[in-house]
Structure formats: C-alpha cells, structure tokens
Amino acid sequence: MIDNYYTTRDAAKALGVSVRTAQLWLEKGLLKGWKTAGGHRRILRSSVSKLLAARAPVAVAPLAQQSLQVLVVEDNEALLKLYRLQIARWDFPVTLYSAVNGYEGLVMDGKVSPDLLICDLRLPGVTGFQVVRALCDMERYSQLAIVVASGLPSEEIDAHGSLPARVEQMGKPVDFKRLQELAQSLWQRRLETPK
C-alpha cells in the first residue's frame with residue numbers, strides 16, 4: 001500500500017508547491033486522498049501524477065523551432081479543457097501551459113516567460129487582479145500580452161481598482177475567435193521580428 005500514496009510533504013515536493021498548498025488542494029478535491037486515524041494526510045500517487053500531467057506543457061499544434069507560448073490561469077477544469085480544445089485548432093504552433101490558481105500562475109510565468117497570458121479574475125488564493133497587476137508592474141513582462149477572461153461585471157472590476165490599461169478584457173463565455181486573432185497577431189509579430 002505504501003507505494004500507492006504520498007505523504008503531504010512528498011506530494012508537495014513532487015508538485016513543486018508548499019505543504020500547505022498540497023493540503024489545500026487535497027481539501028478542495030484537486031488531489032485525492034484521506035486522513036489517517038492519527039490525522040495525517042495521505043495523497044494518492046495517481047492523483048499527483050494526474051495533476052502533474054495537467055500542468056505539464058502540452059504541445060497543441062505541430063511544434064516549429066519556436067512556438068507561441070500561451071499560459072492560461074483558470075481554476076474551472078471544464079473551461080480549461082475548452083481552452084485546450086479551441087487552441088488545438090489554431091493553425092500556427094502553440095505550446096500551452098496551464099495553472100489552476102494565481103500563485104501557480106505567477107510561478108509558471110517565471111518559468112516559461114509566455115507570449116500571451118489568459119487569466120481569470122476569480123482565483124483561489126492569489127486573485128487574477130493580483131497576478132495581472134504584479135506582472136504589469138515588472139519591466140521583465142513589458143512585452144507580455146495579457147487577456148483577462150472573466151464573468152465579473154465591469155462595475156465589480158472597477159470596485160477592485162480596475163485593471164491596467166494594457167490588459168485586454170474579455171467576458172465569459174470566452175470569445176475564442178477574438179482570442180485566436182490576438183494570438184495570430186502575436187505570432188505574426190514574432191515571425192516579422194529579426195532575431
């Protein structure tokens with residue numbers, strides 16, 4: 001049986017997150033497991049593997065030497081699947097990354113330096129507002145195209161202090177045609193920019 005599960009610490013290490021984050025993911029159902037009679041959490045290895053696979057870069061078009069790097073930060077798994085399906089139809093090379101919360105999104109941004117960030121605003125822990133503002137405040141991300149896809153009404157967005165001017169706002173349901181147009185223009189710009 002010991003081969004079938006991780007301790008919380010081992011799961012956190014495998015996922016590259018804090019022990020507390022692993023505990024929260026278990027409580028929210030992102031990871032599957034149980035508590036022992038002594039109150040210790042045990043997490044199924046299969047659920048850790050599944051989450052790692054979901055977070056791994058997925059090539060959704062034939063890879064060229066250089067593909068457009070897209071990061072989607074969205075905690076709704078059904079919508080995340082829809083993003084994957086829609087982006088897979090684009091006729092230029094894309095490498096898609098995903099994150100299920102704002103903290104993970106910021107970490108992933110640092111690792112992969114995407115060309116395009118698509119971010120929800122209502123996220124557990126670190127919100128989309130915080131993610132977007134943090135990235136807009138850093139010179140390193142001055143060329144990052146940012147799209148916020150949110151069902152929040154504009155009054156509620158304004159009540160949170162609005163969003164930086166360079167951020168494109170999109171409602172839900174997501175306008176995938178517009179999203180593709182934005183990504184296509186980024187790809188064209190990359191092709192036209194001398195290396």
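The values are calculated or read from the model by the stated rules, or taken from the named source; none is laboratory data. Treat the numbers as computed from the prediction; the structure is a model and nothing was measured. Reconstructed Cβ throughout: ideal geometry from the backbone, glycine too, with neighbour counts over all protein chains shown.
Can you pull out the residues in the range 21-38 that are within 24 Å of the chain's Cα centre (by Cα) and either among the aliphatic types (A, V, I, L, M) or not in a loop (DSSP other than H, G, I, E, B) (or both)?
Selection gives T21, A22, Q23, L24, W25, L26, E27, K28, L30, L31, G33.
In the range 2-32, what residues are of a type in the set (K, R) and either buried (at least 20 other Cβ atoms within 10 Å of the Cβ) or out of contact with any strand residue (DSSP E or B) (no Cβ under 8 Å at 6 or more places or on another chain) (or both)?
So in the range 2-32, the residues of a type in the set (K, R) come out as 9, 13, 20, 28, 32.
Matches in the range 2-32: R9, K13, R20, K28.
Are any residues in the range 153-195 over 22 Å from L82 (Cβ atoms), among the acidic types (D, E) and surrounded by 11 or more Cβ atoms within 10 Å (Cβ to Cβ), and if so, which ones?
E156, D158
If you go through the range 175-195, how many residues are in a helix (DSSP H, G or I) and among the acidic types (D, E)?
Going residue by residue through the range 175-195, those that are in a helix (DSSP H, G or I) are 176-192.
If we keep only those that are among the acidic types (D, E) as well, we get 181, 192.
Residues meeting the conditions: 2.
In the range 120-127, is there at least one residue being within 23 Å of K50 (Cβ to Cβ), of a type in the set (K, R) and either surrounded by fewer than 17 Cβ atoms within 10 Å (Cβ to Cβ) or modelled with pLDDT of 95 or more (or both)?
no
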